[in-house]
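Here the structure comes first, spelled out in structure tokens, and everything after it is commentary.
Taken together, the values in this text are just the output of simple stated rules run on the coordinates, not laboratory data. Model, not experiment: these values are computed from the prediction. Here the Cβ positions follow ideal geometry from the backbone for every residue, glycine too, while neighbour counts run over all protein chains shown.
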Amino acid sequence: MIQAILVFNNHGKPRLVRFYQRFPEEIQQQIVRETFHLVLKRDDNICNFLEGGSLIGGSDYKLIYRHYATLYFVFCVDSSESELGILDLIQVFVETLDKCFENVCELDLIFHMDKVHYILQEVVMGGMVLETNMNEIVAQIEAQNKLEKSEGGLSAAPARAVSAVKNINLPEIPRNINIGDINIKVPNLSQFV
Amino acid sequence: MCVADTARDVSGNAHCKSKEAEIKRINKELANIRSKFKGDKALDGYSKKKYVCKLLFIFLLGHDIDFGHMEAVNLLSSNRYTEKQIGYLFISVLVNSNSELIRLINNAIKNDLASRNPTFMGLALHCIANVGSREMAEAFAGEIPKILVAGDTMDSVKQSAALCLLRLYRTSPDLVPMGDWTSRVVHLLNDQHLGVVTAATSLITTLAQKNPEEFKTSVSLAVSRLSRIVTSASTDLQDYTYYFVPAPWLSVKLLRLLQCYPPPDPAVRGRLTECLETILNKAQEPPKSKKVQHSNAKNAVLFEAISLIIHHDSEPNLLVRACNQLGQFLQHRETNLRYLALESMCTLASSEFSHEAVKTHIETVINALKTERDVSVRQRAVDLLYAMCDRSNAQQIVAEMLNYLETADYSIREEIVLKVAILAEKYAVDYTWYVDTILNLIRIAGDYVSEEVWYRVIQIVINRDDVQGYAAKTVFEALQAPACHENLVKVGGYILGEFGNLIAGDPRSSPLIQFNLLHSKFHLCSVPTRALLLSTYIKFVNLFPEIKTTIQDVLRSDSQLKNADVELQQRAVEYLRLSTIASTDILATVLEEMPPFPERESSILAKLKKKKGPSTVTDLEETKKERSADMNGGTEPAPVNASAVSTPSPSADLLGLGTGPPPNAAPAPASSGSLLVDVFSEPASAVTQLAPGSQENFASPDLASSELVSEEPSEAARGADELTHKFVCKNNGVLFENQLLQIGLKSEFRQNLGRMFIFYGNKTSTQFLTFTPTLICSDELQSNLNLQTKPVDPTVDGGAQVQQVVNIECISDFTEAPVLNIQFRYGGTFQNVSVKLPITLNKFFQPTEMASQDFFQRWKQLSNPQQEVQNIFKAKHPMDPEITKAKIIGFGSALLEEVDPNPANFVGAGIIHTRTAQIGCLLRLEPNLQAQMYRLTLRTSKETVSQRLCELLSEQF
């Protein structure tokens, strides 16, 4: 079972946090921090598995993570999951994000937090792998989008507003965040375009 | 705008301003939202959605959200999909245990489940699965199976329902009723939609661990599904082909499901073997894509297939192929594969078919230890070396581990120390090597050498007189180093106190030099070590009378007699007094060399297990408590002989390991709290345990657990034989015990029938999964002994005990004992325990009383040479007539008094009941006190019975 899914950037800022086992809020934050420090000190090109920290833990738990450009995707799982399977699942999740957001970047995770949660929900449910077929996941999300559109009216506003905000080169966003730079690089996307 | 404004402000702040600014900004935003929620104007759905979304974002940043729940619940009842969706999201991320709220949420969920709108149903199911609380299980556990198996449910809803049910089963298994739906769930394995099959497989895997019988039919369905996936061309699997690998996740899940069961029937087995071979073959084919995803997916299936092969442990051919495949991966350039290969090989090493094959990779593994950049991988390499270690390679492996220890990461040092200590002890042929190894350990990683490790080395040195001189010499030399670890001072102090005399002949290590050497370290040590050294000094007074005055001077000094520490002061005063007033004889008795310790399970092993997996009681802490209750209050091994001092001296728990009393001491109360004591306090086994530390004793029954199980089959079996003897004359007791599991027995027999209650106790705090005890009888035994039992609950909760009843019928006389094999999963590793069940022929004895005349008449009738069996043997236990009588009665026959003309002899009579025959038995036991021998004669109407009874009874005296 997947116990937690944590996404944070290279500075340890959480971008998506989903726990499938109840932890008090402050412990959740500690777990994010601890996990960040655990993965941060690891080089790229070494293995993607490590034993959990003190908070999420016990010998049965492993952290399985991938590092994409500015973001770490960390899944904390128990021994009932296949390590390589989870590694591929992270890839499926990221590729799906990429499809849904057309070149996903860190900002998408912030501005479309709800949407990111919905996409994750199509992949993982209650800590268990729900769907691994990307076409199926994307189809579900598209169906949701359609529903959203059909409900129209005010509900459609947020999407429009957000894209408007995104396009006006937000002054409050520090200049050093260059959207081009923080694109999540998804290898081998040509397969899916 | 939705989260955008908050996010923009907050993330802007986060990057360029202080934490305080962020908090200020967020508090302002929270106040704003709160006022909007509390305001007079009713918010429309869109605003609610907007603000709830903002709250979620603020929560993500680590701020408490204590309001908004009600608004979220209101959104649940909206008819708009988007509003409902955000409501559910908020609930599943942020729900608290407010019961009022839960009722409202449950109400909304109920409505959505009943709505027949698949999108709404999906949302509701997601919410149940994500929250998974007990209240939700109570409300919906009955409903969801119906949705799952209903014919008109859409695929996506079925998928969600299966996982939702799985989640509820995990949190509240008692609330999910088994029923008709289970068989229909099994048939979902045949579903057209692979997503549904994947979800169903997850569900069945978990359910089958607890209810293997109920889901047995899933095995053949899973095999045929797997076979279709593995053999098909990747094109006909809809979109579930991932980078040219057909349905990898489903394959993995199916292989996992099969690991819940033993190898299937031959027909299905053939097909499965074919699948596994195909998977192994595919690994050798050139990759269809260079992408890492392709190799990941392919290897995920391959590793799972290998796990299944190891789990079945029945096809040597496949095992060897699996081992070779893992061997290839050990050298693969992908770090992930090397990591996984090391991990899988660990389990493979415990299979007897492949242990040798695994050993061939030793150089590669050692190399990995030296060259891997990644600590995760190095740790796996250490684990594997430990698993593959046996007598043939122990020296090499221990040396490599010691080497590695010098540079090892701090995080894994303690574990390596424990492993080295265990291996050195377990495979020591030459105990000088063992002593060297442990002293090296202390030198290299003294800080990580726990008490257990150095206690153990002392225990072994004391028990083995061939190594004592060497140990004294070695510690003396090691102590010469200008800076030595305090643990070395402890070991050195203890050993020189006991055996310093063995090296005192050498002028370079004369008594005075030894004393000065130790005393030079004294002031640098902590209080417990100093206390130990004081005990060493008083022992020196006895060993070396010539330095008595020097030692008395030291004891008399103010720094000792007026020490601020009460323990040190007391020792100094008492020892000084003892050395002044006691005569040499008394000194010699009081300060006699320590008697050998009773052999016990190595506590180091226990410690390692504790490190690797959770366990409830720590022996050490328990004994610590006992120790503090001791009168002398000694906190360390005090080298004072227990037999000479009337109080229960600390030496009774010298090693603080729950050791029992030294053999020559009165029964010590100190051992009562130990976990293992009830096994070892049995008189029959106590004797074997007290034998001086021979090699075999290190393989105490505990080693039969976990990864060590199949390494030492012969020794485990011998231990089991001893246990069987223990039960010949009694019906109740502890049959087996290790760190994880205790098996107790209670049995009753009447004529040719019997009933045995087996109690399995989980000693850990973690669940045992797929707990399956199996009774194994050889074909021959099966025709003579009929055993019937029901399967037990496959999950044993931490600290819980489950009971199994075995009904026994003796059809005809028999010699073998049935074997009880127990398999279960504990913390991710598979455990396998086998013990002999003490069902012996004498259990079916009915005593027969008869007078002297009758006895001798029958005795003469049975004079045919085949009917008599006689055995003359040496007494193994003290020849106490009362105990002997009790044993004969316990054996089952009547004890006939005043029958034999010689009152020292014992005679008995009884009838063995079997279904096919009743066999009269007479026995006579003639003790010879002088020679410490017995002669046992058995006469029965059947030769095999005479033979067997004689064997059984001879072992008892």
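Taking square-rooted eigenvalues a ≥ b ≥ c of the alpha carbon gyration tensor, is region A:1-149 rounded, prolate or oblate, where a/c under 1.5 means rounded and, failing that, a/b exceeding b/c means prolate? In terms of gyration-tensor shape, prolate.
With contacts taken as Cα pairs under 8 Å and at least 6 residues apart, region B:773-814 reaches a relative contact order of 49 percent. Mean separation of Cα pairs under 8 Å and 6 or more residues apart, divided by the residue count, gives region B:718-809 a relative contact order of 27 percent. Listed by chain and number, the lysines placed with their C-alpha closer than 16 angstrom to that of B:Lys110 are B:Lys84, B:Lys146; residues fewer than eight positions away on the same chain are left out.
The Cβ shell under 14 Å around A:Pro24 holds other residues with a net charge of -3, Lys and Arg each +1, Asp and Glu each -1. For B:Lys562 and A:Gln30, a Förster radius of 41 Å and the Cβ-Cβ distance give a FRET efficiency of 0.25, rounded to the nearest 0.05. In the calculated pair-distance distribution of region B:389-590, the portion above 30 angstrom amounts to 25 percent of the Cα-Cα pairs. Normalised by the number of residues in region B:286-370, the average gap of Cα pairs under 8 Å and 6 or more apart makes the relative contact order 24 percent.
Shielding by partners for peptide A:132-139, expressed as the average number of C-beta atoms from other protein chains within 10 Å of each residue's C-beta, is 5. Partner shielding of B:253-264 amounts to 1, given as the average count of beta-carbon atoms from other chains within 10 Å of each residue beta-carbon. Here region B:801-957 is assigned +1 on the Cβ of each Lys and Arg and -1 on the Cβ of each Asp and Glu. Its dipole about the Cα centre then comes out at about 400 debye.
Here the mean projected area of the convex hull built on the C-alpha positions of region B:178-258 is 4.8 nm².
Based on the Kirkwood approach, the hydrodynamic radius assigned to region B:768-885 is 18.6 Å, with every pair of different Cα atoms included. Residue by residue along B:302-308, Cβ atoms of other protein chains within 10 Å of the local Cβ number 1 on average. For region B:467-535, the Stokes-Einstein estimate of translational diffusion at 10 °C and a viscosity of 1.306 mPa s comes to 135 µm²/s, using the Kirkwood hydrodynamic radius over alpha-carbon pairs. Each Lys and Arg contributes +1 and each Asp and Glu -1, all at the Cβ; summed about the Cα centre of region B:286-370, the dipole is approximately 600 debye. Close amide H contacts of A:Ala4 (hydrogens built in the peptide plane, cut-off under 5 Å, sequence separation of 5 or more or a different chain): A:Tyr20, A:Cys76.
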